[in-house]
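In what follows, a structure is listed as structure tokens, so that the remarks can point back to it.
All of the numbers you see were taken from the coordinates with simple rules; none came from a lab. Quantities reported herein were computed from a predicted structural model and do not represent experimental measurements. Methodologically, a virtual Cβ is constructed for each residue, glycine included, from the backbone with ideal geometry; neighbour enumeration extends over all protein chains shown.
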Amino acid sequence: MPRGGKRAGAGRPPGQGKFGEPTRPIRVPVSMLEAVYGFVERRHHALPLYGSKVSAGFPSPADDYLEGTLDLNEHLVKHPAATFFVRVSGDSMLNAGIHPGDILVVDRSLTPVSGRIVIAALDGELTVKRFDQRNGRTRLLAENPAYAPIEIQDGNELHIWGVVTNVIHPV
Amino acid sequence: MTAPLFALADCNNFYASCERLFNPALAGRPLIVLSNNDGCVVARSNEAKALGIGMGIPFFQARKLVERHRVAVFSSNYSLYGDISRRVMAVLAGLCPDMEIYSIDEAFLRLDRLPHEPLALAREMRDRVRHWTGIPISIGLAPTKTLAKLANLIAKKSGEGVFQIERPERLHGLLARLPVKEVWGIGRRSAERLQALGIETVEQLRRADPRQIRRHLSVIGERILCELNGTPCLDLEETQSNRQILCSKSFGQRVTTLAPILEAVSNYAARAGERLRRQRLCCGHIHVFLQTGHHDARVYSNALSQGFPTPTSDSRQLIRVAKGLAQRLFLEGYRYQKVGVILMDLAESRRIQDDLFTPRNDNPRLMQALDAINARLGADEVFFAAQGVQRPWRMQSGYRSPRYTTCWNELARVS
């Protein structure tokens, strides 16, 4: 074995260090050491990658939002297995922004709380009304002065079918 | 490994429950659902069962009772039932992903690999399915699938809707009252054979000699016996990728000429092709059958198959071959009831190997365009001329309810 000089195959193979690629020594002014260390270390964090060239003017304001398209289902339907659509006939809920012909998004998994708009099965009919339960009395309220509140009596068969979460209304 | 614990979740009177979901006026009223073509009774509400309307009887036999008791009658609405089934299964899988969908309204689940107390979990399943989908279900729990089926039967009758069989030997009183035909896998013929051996109840079968059962009902019978005694022989099955696609319906009225048969078979081939492509499959074989009614004065039933040189999912190819086969099957002088198409030898489209010597006639982009248009604008917006326009042969469904959950024009109305 010759003395001194280069030994082939010795040392860490290139690319196996903490940077994952070959490295080489450089001269750096002592005053800038910290900055260079910081720069090299940060490389290991994800850096934002811009889709447009900064030098060509302002970056596109959309670059931060490259997320794919919006899915309306995701926005309107939280529980797909429990969500149904129904069509409104009649104007009893006009002042709540619910018009004849609108489509309602109904989530059956939600618990009907007093004050929410619900689909109720009342005496064999499906109806959309505001659910009102206070002081031991249960009422279904229309949102139109032309319709009187429906007081639920013992003889009525009421069952809350689902809770309305959204109205789909064409303009 | 812990001992298995199976649950069978089964929707109560599923089709009838679906019909009631959007029509609360039907609550408490007797209700029946008719088979394809409004032929037979295929589902009954409890009230209809109580009137003595039998399962599977022809509609005309039930007519008197229907009129006298104002029974609500519906044609089957498979768009609705399929969608509600999908929802029920999704809710169940949300609580226990260890699931095998067994039929449109039944699923086996394994509860032993979850940390929850099984009976509490089963009650949660029953309540959540009811609340989220509106469908009442019953759940039977047991150490084997066969016993879970029986537990479900008992759960249905109990009113509570959940029942567990922990040890079958402790239930001998109950099992002694159940006839053997209630056991999963014991059909009418097996029940008759067992009766000949003096075995009439589930309890008698459970205590029978395995060798004797094996002699009369083969290993399958022996396996049932084993399962009845709490030793599991069957595990959850992987949800099968459909090994064949069947598309067939009865004609509205009997058909005696070739033209409507060719139109119908073209329709079924096109429909089957759609289903094939939706699952990204190709088929290697097509099978066409044509038949009269089984009880007709002149009975005829025949079938032919043909293979494709390379597997295909192109509706044009399917229609061409299906028509050719139907033409060969057709004989003058019969009154046909039904024609159908079965696609077999299914394989994933991307695994198909091309044949060097046969050029492929498929046009996947055309099929994609066709499917896309029909998906957006409604089924049959674009169709092949061979499918016909008027389709007078189509089956009757005079009492079908709206497709509340799959068709924008048919949503339920709320006032």
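Only Cα pairs within less than 10 Å get springs; with that Gaussian network setup on chain B, which residue of B:GLN195, B:GLN387, B:GLN337 has the largest fluctuation? Of B:GLN195, B:GLN387, B:GLN337, the most mobile in the Gaussian network model is B:GLN195. Label-to-label distance, B:SER305 versus A:LEU76, with points set 7 angstrom from Cα along the beta-carbon direction: 4.6 nm. Local charge for B:LEU205 was computed over the other residues whose Cβ lies under 12 Å away, with Lys and Arg +1 and Asp and Glu -1, and equals -2. Spin-label point model (7 Å from Cα, Cβ direction): what's the B:HIS294 to B:GLU381 distance in nm? Placing both labels 7 Å beyond Cα along the Cβ direction yields 4.2 nm. Shielding of peptide B:17-23 by partners, expressed as the average count of other chain Cβ atoms within 10 Å per residue Cβ, is 2. Each residue of segment B:178-185 is assigned a 3J(HN,Hα), and the resulting list reads 9, x, 4, 5, 6, 7, 4, x Hz, derived from the Karplus form 6.51 cos²θ - 1.76 cosθ + 1.60 (θ = phi - 60°), x at Gly and Pro. The slack in the chain from B:ALA176 to B:ARG215, taken as 0.36 nm per residue of separation less the alpha-carbon distance, amounts to 11.7 nm. Given contacts defined as C-alpha pairs under 8 Å and at least six residues apart, what's the relative contact order of segment B:27-135, whole-number percent? Over segment B:27-135, the number comes to 20 percent. Entry note, segment A:73-168: relative contact order of 31 percent, from Cα contacts under 8 Å with a spacing of 6+ residues. Here the Gaussian network model covers chain B, with springs between Cα atoms less than 10 Å apart; of B:LEU236, B:LEU366, B:LEU290, B:LEU366 fluctuates the most. Nearest 0.05, what FRET efficiency do B:ARG113 and A:VAL30 give at R0 = 56 Å with Cβ-Cβ as r? FRET efficiency, B:ARG113 to A:VAL30: 0.35. Between B:ARG189 and B:HIS131, the modelled label-to-label distance comes to 4.8 nm, taking each label 7 Å out from Cα in the direction of the beta carbon. Across chain B, Cα pairs under 8 Å and at least six residues apart give a relative contact order of 16 percent. Where in segment B:320-353 does the label zone of B:LEU258 land, with the point 7 angstrom along Cα→C-beta and an amide N cut-off under 13 Å? Residues B:323-333 qualify, since their backbone N sits under 13 Å from the label point.
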